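Please read the structure below before turning to the comments.
The values are calculated or read from the model by the stated rules, or taken from the named source; none is laboratory data. Computed from a predicted structure; not experimentally measured. Cβ placement follows ideal geometry from the backbone for every residue including glycine, while neighbour counts extend to all protein chains displayed. Ligands, DNA and RNA are excluded from the accessible area calculation, which covers all protein heavy atoms including side chains. Shrake-Rupley method; radii C 1.70, N 1.55, O 1.52, S 1.80 Å.
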Amino acid sequence: MKRPAVVLLTALAPVSWGTTYAVTTEFLPADRPLFTGLVRALPAGLVLLALARVLPRGAWWGKAAVLGALNIGAFFPLLFLSAYRMPGGMAAVVGSVGPLFVVGLSALLLGQRPTPRSVLTGIVAASGVSLVVLKAAGALDTVGVLAALASTASMSAGTVLTKRWGRPDGVGPLALTAWQLTAGGLLIAPVAFLAEGAPPALDGRAVGGYLYLALANTAVAYWLWFRGIGRLTATQVTFLGPLSPLTAALVGWAALGQALTPVQLAGMALAFAATVAGQLGQGGTGPARPADPTGRDAGRGVAGNAVDAGMGGGDAGKAVLDGTVVAVRR
C-alpha cells in the first residue's frame, strides 16, 4: 500500500478519538472515567484476541505487558487525572507536545537524529492546538500538570518502543493491538473498581455509547493506529495526533452548537498544516520487524510505534469552545 493511503487510514484513529467527547457527554453516565476506560479497553482487547487467535510467546509476554501499560493502562488513568485537575485546555495543550517527546525518544531508542524541521513542526503543532483549545486561564495544579506530562510521555514511549520492537514473525497488527488492549484493560480494572466502586446502571443510550467506544473508537481505531506505526516512522504517526482535538472542535461546532472564533479557526489551520508537514520527508513505508539487538537497525524508520499520543492526542484533554469546557477524550 502506498504511503498516502497508509497515512490516511492511520489518521482515522485520532479522528475517531476526537468524537469521544460528544459520545461521552451525550450518551454515557457522568463521572466514571476509569470505568469508561476499562469498558473501552478490555472488551475490545478480548474481541480482537478472539479474532486473532494468537497469544504472545516467550519474551513477548513481557513486551506486550509493557506496551499495554504504556499505551493503555497507564495512559488512560493519568490522562483522566490531568483532565479533572487542570484548567480548561491545559491538558490538551500539554498532550500536544507529544511529537516533541517522540522526536527525543526516537533519538535515544531508534538512533534517529532530530532535525530542525521536526522540532519546529512539533512546536507549530502545539501552538495551533493551543489556539484551538485554550481560551480560559486558571491556576495550574501541580499534580494535574505532572499527570498530563506523564500521560504524554507514557504514550510517546509506547509509540517508540512499539516501533523499536516491531512484531514477532507471523504476528500481524491485529494480534499486537489485542495484546496491548487486553493488558491495559487488566491493569485498569482493579484501579477502576477500587476508585469508583461497582459499575453504574446503564440504559440503552449508555450501552450504545459504550459499544461505539469499545468497537469503532477503540478496537478499530487502535488497530489502524498500531498498523500505521508498523508502516510509518514514529514521528509521522505522532504528528497525526493533533487531528484528535481538531476533530473534537469540529464535532462540537457541527453537532453541539459550539461556536468557533477566528482565533480558533487560525489555530486549526496551523495545527493541520503542521500535521501535513509532519508526513513529508520522513521516509517510506515497509513491514514492521524487530529491532536488531546490536542496534545497527535501530535508526531505520521503516523497520518497525504514538498518541493515543496520544501522543496520543488527548484522551481527556479539555478544550474551551464558546465558553464551554469540552473534554477532548481519546
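Miscellaneous remarks
- Our estimate of slack between TRP61 and ALA195, defined as 0.36 nm per intervening residue step minus the Cα-Cα distance, is 45.5 nm.
- Of the listed residues GLU26, GLU196, the order by accessible area with a 1.4 Å probe, largest first, is GLU26, GLU196.
- Distance between the range 231-255 and the range 162-210 - C-alpha centres, whole angstrom: 21
- Per-residue extension of 0.36 nm, minus the Cα-Cα distance of ASP169 and VAL143, leaves a gain of 5.2 nm for this segment.
- Shown are LEU8, LEU110, whose ranking by accessible area with a 1.4 Å probe and every protein chain present, most to least, is LEU8, LEU110.
- Pair VAL54, LEU9: separation of 7 Å Cα→Cβ label points (nm): 1.5
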